[in-house]
Amino acid sequence: MRKKVTKAIFPVAGMGTRFLPATKSVPKEIMTLVDRPLVQYAIDEARAAGIKEFIFVTSRGKGALEDYFDVAPTLEQELKKKGKDELLEILKSTNMDSGEIAYIRQHKALGLGHAIWCARRLVHNEPFAVMLPDDVIAAEKPCLQQMVEAYEETGGNMVAAMEVPQDRVSSYGVLDVEEDMGSMVKVKGMVEKPKTEDAPSNLAVIGRYILSPNIFKNLNKMKAGAGGEIQLTDAIAQEIDNPEAGVYGYRFRGQRFDCGSKAGFLQATVAFGLARDDLRDDLEGYLHEVMASRKAAE
Ligand code: UTP
């Protein structure tokens, strides 16, 4: 029997420079889509996939993130006193059980691969998930759950993948496909941020992974790759020729928003706003108005 994936690493030690000045004091992962911080979407997705242990790789200035997952007794008392049961329930649903969540610091932002390596002693010798909270995925069945189900068949290492426009490939890790089986592809190569003309395909890796613990061994030996950072992609690529593991790309069903970029964050705000019964009519009305007045001004 394959070992179940019950641990997830959330690397959140990056500086979030694309959102300066906000990220001077607010961690990117605490920024809100409608009324929930990005990280809450990731936690909910992880839980749906059967994750029981949540490991955050943080850095200086991320205190607000730890506070967010702490209990808020004064607030709870106040809501109880005022009979605001619905809000109380929302608040309680964000609480984490003691011991369910762990934080480890990445002292220097040496790259995503290095951030994952920092969590090696908390994962030990078992498969684990990696989730980048700034990739938010709207899906009927949560993306990581889709992947866990597919992984039960394949084992090895699995990365979430999606087709991107050819002129955008240089922003992603890109897959070289050996065999295309539809929702799943067998991978024969991976390149991090290739030049458009060097990209082996337009199938890009996005922020969900299920990885074997071998990745830590590979990261042990890693030197900086593309962009001077220790790349997770390089450590995963080393598993391609491992006959007991291999690497698979998984074309998930759902819409991914790159909330690490301003345009992606704004698009997600609109999409998640429109998905909410309590906001849809107002927001839709406003968007129509804006579009109409822009058209009239042309
Ligand atoms: P990004 O490339 O989005 O970098 O990292 P960033 O620092 O978060 O944002 P910008 O580009 O400066 O605006 C992708 C993910 O990897 C984590 C980030 O926190 C983010 O979740 N990361 C990156 C680390 O944890 N450590 C690193 O050294 C680098």
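The values are calculated or read from the model by the stated rules, or taken from the named source; none is laboratory data. None of the values given here were measured: they were computed from a predicted structure. Methodologically, a virtual Cβ is constructed for each residue, glycine included, from the backbone with ideal geometry; neighbour enumeration extends over all protein chains shown. SASA here: full protein model, heavy atoms, side chains in, ligands and nucleic acids out. Shrake-Rupley method; radii C 1.70, N 1.55, O 1.52, S 1.80 Å.
Using only the alpha-carbon atoms, how far is helix 262-274 inclined from the longest principal axis of the chain? Give it as 0 to 90 degrees, nearest 10.
60
If I take every Cα pair under 8 Å that is 6 or more residues apart in the stretch 165-298, average their sequence separation and divide by the length, what percent do I get for the relative contact order?
Dividing the mean separation by the residue count of the stretch 165-298 yields 20 percent.
How many Å² of accessible area per residue for the chain, probe 1.4 Å?
I get 53 Å² per residue for this part.
Would you please classify the overall shape of the chain from the alpha carbon gyration tensor, given that a ≥ b ≥ c denote the square roots of the eigenvalues, rounded means a/c under 1.5, and beyond that prolate means a/b larger than b/c while oblate covers the rest?
Cα axes put the chain in the oblate bin.
What is the percent carbon and sulfur in the accessible area of the stretch 65-147, measuring with a 1.4 Å probe over the protein chains and ignoring ligands?
Within the stretch 65-147, the accessible surface is 51 percent carbon and sulfur.
Could you tally the net charge around Ala235, taking each other residue with its Cβ under 10 Å from the Cβ of Ala235, Lys/Arg +1 and Asp/Glu -1?
It works out to a net charge of 0.
What ranking do 155-164, 104-113 get when scored by the average of other Cβ atoms within 10 Å per residue, highest first?
Going from most to least packed, we get 155-164, 104-113.
Local charge sum around Gly16 (other residues, Cβ-Cβ under 9 Å, Lys/Arg +1, Asp/Glu -1)?
So the environment of Gly16 carries a net charge of 0.
Please label the shape of the stretch 22-120 as rounded, prolate or oblate, based on the square roots a ≥ b ≥ c of the eigenvalues of the alpha-carbon gyration tensor (a/c under 1.5 means rounded; beyond that, a/b larger than b/c means prolate, else oblate).
prolate
Hey, got a sec? Which GluC sites (Glu not before Pro) in the stretch 167-263 land in a DSSP loop and have at most 14 other Cβ atoms within 10 Å?
For GluC sites (Glu not before Pro) across the stretch 167-263 that sit outside H, G, I, E and B with at most 14 neighbouring Cβ atoms in 10 Å, the list reads Glu244.
Is the C-alpha gyration tensor of the stretch 229-298 telling us rounded, prolate or oblate? Criteria: a/c under 1.5 is rounded; beyond that, a/b larger than b/c is prolate, otherwise oblate.
Verdict is prolate for the stretch 229-298.
Which one of Val159, His114, Ile215 has its Cα pushed farthest toward the positive end of the charge dipole of the stretch 108-243, where Lys and Arg give +1 and Asp and Glu give -1 at the Cβ?
His114
Rounded to the nearest 10 Å², what accessible area does Arg253 show when all protein chains are kept and the probe is 1.4 Å?
About 130 Å², rounded to the nearest 10.
Once you have the Cα-Cα distance between Arg60 and Gln255, take 0.36 nm times their residue separation minus that, and quote the gain in nm to one decimal.
67.0 nm
Among Tyr41, Phe56, Val71, flag the residue with its Cα farthest along the positive direction of the charge dipole of the stretch 14-126, charges on Cβ as +1 for Lys/Arg and -1 for Asp/Glu.
Ranked along the dipole, the leading option is Phe56.
What is the sum of charges around Leu283, taking Lys and Arg as +1, Asp and Glu as -1, for the other residues whose C-beta is under 13 Å from the C-beta of Leu283?
-4
For Arg294 and Asn95 in one chain, what is 0.36 nm times their gap in residues minus the Cα-Cα distance, to one decimal in nm?
Stretched fully, the Arg294-Asn95 segment lengthens by 67.3 nm.
Only four residue types carry charge here, +1 at the Cβ of Lys and Arg and -1 at the Cβ of Asp and Glu. Report the dipole size of the chain about the Cα centre in Debye, rounded to the nearest 20.
That gives a dipole near 960 debye.
Are there GluC sites (Glu not before Pro) in the stretch 27-113 that DSSP marks as loop and that have at most 14 other Cβ atoms within 10 Å, and which are they?
Glu100
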